[in-house]
Amino acid sequence: VEIHYRLHDKQYFAIGFPNEEGGYEIRNKFFKGSIPPKAVSLIRNGSTTVNVYEGFMDFLSGLTLGYGRTEDNLVLNSVANREKAYRHLDGYEAIKCWLDNDNAGKRCLEVLQKRYGDKVKDFSVVFRPCKDVNEYQQEQIKNKQQTIKTKLKV
């Protein structure tokens, strides 16, 4: 959704991504924040497999790249929300983790693997050496644009 807000007598707008408890993650070029309460976001497609992302920009990038379109998707909206995700994750046969290639993402993956065992698969290898799915998508776009520019010069 489009969120409009006022800060220091100036009007702003941003993309708003709703969560399960009525809050929103909000982003624009200048601001990254949330409207409480902070919670996870679950997008159901009727699948027994769920893709887990740290943030909604990674989720949207994943969809754009073709990941998880027919599966359920869970956005943590922060690795700190991991425990809030358990009630959703408990029923899945497979959990695909697209978590960031940093210490917080790796720690979250370890905790999920400890709780769910072999159901959890690490998909961060798909976008290495990039930090996250969104950065990987941006690199893909940049490479594609460079290829087009190179071909046009010929």
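The values are calculated or read from the model by the stated rules, or taken from the named source; none is laboratory data. These numbers come from a predicted model, not from an experiment. In this analysis, Cβ positions are derived from the backbone assuming ideal geometry, glycine residues included, and neighbour counts consider all displayed protein chains. Just so you know, the surface numbers come from the protein's heavy atoms only, side chains and all, with ligands and any DNA or RNA stripped out. Shrake-Rupley method; radii C 1.70, N 1.55, O 1.52, S 1.80 Å.
Backbone phi angles across the range 135-142, fed through the Karplus curve with coefficients 6.51, -1.76 and 1.60 (θ = phi - 60°), yield HN-Hα couplings of 4, 4, 4, 4, 5, 4, 5, 4 Hz in residue order; Gly and Pro are listed as x. When the charge dipole of the range 1-94 is built from unit charges on Cβ atoms (+1 for Lys and Arg, -1 for Asp and Glu) and taken about the Cα centre, the candidate among His4, Ala94, Asn73 whose Cα reaches farthest toward its positive end is His4.
Sites listed here are chymotrypsin sites (Phe, Trp or Tyr not before Pro) in the range 1-42 whose DSSP assignment is loop and whose Cβ has at most 11 other Cβ atoms within 10 Å: Phe30, Phe31. Relative to the Cα centre, the charge distribution of the chain, modelled as +1 at Lys and Arg Cβ and -1 at Asp and Glu Cβ, gives a dipole magnitude of about 620 debye. In whole percent, what relative contact order does the range 8-86 give with Cα contacts below 8 Å and a gap of six or more residues? Once divided by the residue count of the range 8-86, the mean separation gives 27 percent. Here the chain is treated as a Stokes sphere of Kirkwood radius computed over C-alpha pairs; at 10 °C and 1.306 mPa s its diffusion coefficient rounds to 95 µm²/s.
With point charges of +1 on the Cβ of Lys and Arg and -1 on the Cβ of Asp and Glu, referenced to the Cα centre of the range 3-154, which listed residue (Ala14, Tyr116, Thr147) lies farthest in the positive direction of the dipole? The residue sitting farthest along the positive end of the dipole is Thr147.
Per residue, the average separation of C-alpha pairs within less than 8 Å and at least 6 apart gives the chain a relative contact order of 17 percent. To put it simply, the accessible area of the chain at a 1.4 Å probe is 53 percent carbon and sulfur.
What the Cα atoms of the range 65-151 give is an Rg and a Dmax of 15.2, 51 Å.
Pairs from the table (Lys10/Lys38; Lys114/Lys142; Lys84/Lys131) lying more than 30 angstrom apart at Cα are Lys114/Lys142.
Heavy-atom accessible surface of the chain, averaged per residue, reaches 61 Å², computed with a 1.4 Å probe.
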